[in-house]
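Heads up: the structure comes next, in structure tokens.
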Amino acid sequence: MKHSATMCLVGILALAAGPSSAAAQATFDRSKPPELGPPPQVSLPRIVTRQLPNGLKLMIVEQHELPLADFVLVVGSGSTAGSASKAGIASLVSQMLREGTTTRKSLEIADQTAFLGVRLFPASSWESSTLSLHTPTAQLDSALALFADVALHPSFPRSEFERVQKTQLTDLLQQRDQGPVIANTAFPAIIYGSAHPYGAPLEGTEASVKALTTADLQTYYQANFRPNNATLIVVGDVTPAQVEQKINNVFGGWQRGDVAQLNYSEPPKPAATSVYLIDKPGAAQSSFRITAVGVPRSTQDYFALTVMNTILGGSFSSRLNQNLRETRGYTYGAGSEFDMRRAAGPFLAYAEIVTAKSDSALIEFMKELNGIRQPVPPAELSRAKRYLQLQLPGNFETTQQIAAALVPVAQYGLPLDYYNNYVRNIEGVTQADVARVAQQYISPGALAIVIVGDRKAIEQGLKALNIGPVSIRDISGQPIQ
């Protein structure tokens, strides 16, 4: 009876809808996807800037929907601030921040974060170190006191360091058997060389991590963690005046100091494309990293490059992924990126390719890298721009997301209205812009093609392509003697 009554109700509603509803359904063409309307203009809440007397810069965004606040301390030094012999030091310094201060032990920090219901997360990258706090505003004073203690008074206790160091060494040891990780470690060493800060891995090497001491960490911390080398991002249920006073109370005593400026050496320029093969006997897949030195984040071509790379390999519907995954079935996914940093970071095209198709996949990679240098059809250009524009609002749904989005603004000195103008700047990219940056920054004749795979199975096929000379490297990217 219940089922029959439901069916009757459906029938009544259908009749009540009348002929206009049926006509609407009849005129709707289901053979075509719906047309997208114009992208919405993103307008973020105003970013209020302040600066404490010690040089610590503040970026404050009010978001009063929920009683939450997020804080991100961005220190303008990361992996590149350490020497090549101390690779991995920034990562270990960040990990050690929660492992003890001059007044709190590691377990006490863990207990207090749990008691307050807050999250405290340190991280490091090439040119920055961050400490993030997510807290209910009801616990704001206590959370900020803990946050400042961890940021300003780490003690780097020896016992905790030995544990963290062993964990890092174990991770590095395990990575020696992972083709994608080997490729990601080797390609920077090949294109930048050992003299360049980008040539060493973020996590360090077994030798460099094993040689580090707590004194090294303390020295790095004192040289780089200074208020005049930092920005504190605040997003949440706060007011600028209120939160500035609270921050000044806990960070105001942080002593400023001189921070060394890093000079980036010029990376080597390849005269021709070369293939670098790293043997992984029995590998079921070949890890491809086709790479070259790209551009810094400060480039005036940022938006044109972003659109061009979206077409090439920056989305699921990109040319690389459609070719190598959807059409050929060589991989679960292929892509490309420009990793823009303070200096010129790498351009990278990548995929994990089934071993038997390694040579065939390289042909398709080169086909797409040459193809993107040709004029892009208007429909493809429009689709890439809409993809970038329509996904932007989803990056600002929470206070955490807004705070994370402001990190590059602080790190690279981007305009405060960067995101408000993002949709318009993407829309302004033309067919000619895409062609120009593709011609300028994608050079199929001057690439480093790094492949980690079963040498016995793939070497002859790669040589037969005559794309470039094939040389054998070890797992760190160095020539085998």
Per residue accessible area of segment 126-284, 1.4 Å probe, in Å² = 44 Å²
FRET efficiency for R163 and T27, using Cβ-Cβ distance with R0 set to 56 Å, rounded to 0.05 = 0.25
note = Cα gyration tensor of the chain diagonalised, 5x eigenvalues square-rooted, in angstrom largest first, produces semi-axes 39, 37, 23
note = Beyond 24 Å (Cα-Cα) in this structure, taken from K105/K166; K269/K385; K367/K463; K280/K357, we find K269/K385
task = Would you work out the charge dipole size for the chain about its Cα centre, treating the Cβ of every Lys and Arg as +1 and the Cβ of every Asp and Glu as -1, and quote it to the nearest 20 debye?
result = 580 debye
task = Please give the residues of segment 413-432, grouped as numeric ranges, whose backbone N is less than 20 Å from a label point set 7 Å along the Cα-to-Cβ vector of Q391.
result = 418-430
Coil-residue trypsin sites (Lys or Arg not before Pro) of segment 244-289, DSSP, other Cβ within 10 Å capped at 11 = none
message = Quick check on segment 247-384: take the gyration tensor over C-alpha atoms, sort the square-rooted eigenvalues as a ≥ b ≥ c, and tell me if it's rounded (a/c under 1.5), prolate or oblate.
response = prolate
query = Ranked highest first by average number of other Cβ atoms within 10 Å, how do 344-353, 196-205 line up?
reply = 344-353, 196-205
Charge context of T327, other residues only, Cβ under 13 angstrom, K/R +1, D/E -1 = +2
Rg [Å, one decimal], Dmax [Å, integer] - segment 258-325, C-alpha atoms = 17.2, 52
key: Computed FRET value (nearest 0.05) for I480 with R328, which takes r as the C-beta separation and R₀ as 25 Å   = 0.20
note = Excluding residues fewer than 8 positions from K86 in its own chain, the aspartates and glutamates with Cα under 14 Å of it are E203, E206, D216
ask   = With all protein chains present, how much of the accessible area of the chain (probe radius 1.4 Å) comes from carbon and sulfur, to the nearest whole percent?
value = 54 percent
ask   = For V181, what charge total do you get from the other residues with a beta carbon under 12 Å from its beta carbon, if Lys and Arg give +1 and Asp and Glu give -1?
value = -1
query = Given 5 Å bins starting at zero, what is the percent of C-alpha pairs of segment 298-355 in each, up to the one with the largest pair distance?
reply = 4, 21, 26, 20, 13, 9, 5, 2
message = Just to verify a number: FRET efficiency for S265 and A211, C-beta to C-beta distance, R0 = 25 Å, to 0.05?
response = 0.65
ask   = In whole Å, what is the distance between the alpha-carbon centres of segment 57-75 and segment 182-226?
value = 31 Å
request  = Specify the inter-centroid distance of segment 440-480 and segment 337-393, based on alpha-carbon positions, in whole Å.
outcome  = 19 Å
key: Positive minus negative residues near K456 (Lys, Arg vs Asp, Glu; Cβ under 15 Å)   = -1
remark   = When the charge dipole of the chain is computed with +1 at the Cβ of Lys and Arg and -1 at the Cβ of Asp and Glu, the Cα pointing farthest to the positive end, of A410, A110, H134, is that of A410
key: Three-way shape label, segment 318-388, alpha-carbon gyration tensor, a/c 1.5   = oblate
ask   = Please report, for the Cα atoms of segment 385-476, the Rg to one decimal and the Dmax as a whole number; what are they, in angstrom?
value = 20.9, 54
query = Counting pairs of Cα atoms in segment 108-186, how many percent are more than 16 Å apart?
reply = 66 percent
query = Taking only protein heavy atoms and a 1.4 Å probe, what accessible area per residue, in Å², does segment 347-481 have with all protein chains in place?
reply = 46 Å²
task = Return the calculated 222 nm mean residue ellipticity for the chain, to the nearest 500 deg cm²/dmol, obtained by summing -39500 (n - 2.57) across DSSP H runs with n ≥ 4 and dividing by the residue count.
result = -13000 deg cm²/dmol
Hypothetical label at A356: residues of segment 275-304 whose amide nitrogen lies under 18 Å (7 Å Cα-Cβ projection) = 282-287
ask   = If eta is 0.890 mPa s and T is 25 °C, what Stokes-Einstein diffusion coefficient results for segment 183-235, Kirkwood Rh from Cα pairs, in µm²/s?
value = 180 µm²/s
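The values are calculated or read from the model by the stated rules, or taken from the named source; none is laboratory data. The model shown is predicted, which means the values in this text are computed figures rather than measured ones. Note that we place each Cβ from the backbone using ideal geometry, even for glycine, and neighbour counts take in every protein chain shown. Just so you know, the surface numbers come from the protein's heavy atoms only, side chains and all, with ligands and any DNA or RNA stripped out. Shrake-Rupley method; radii C 1.70, N 1.55, O 1.52, S 1.80 Å.
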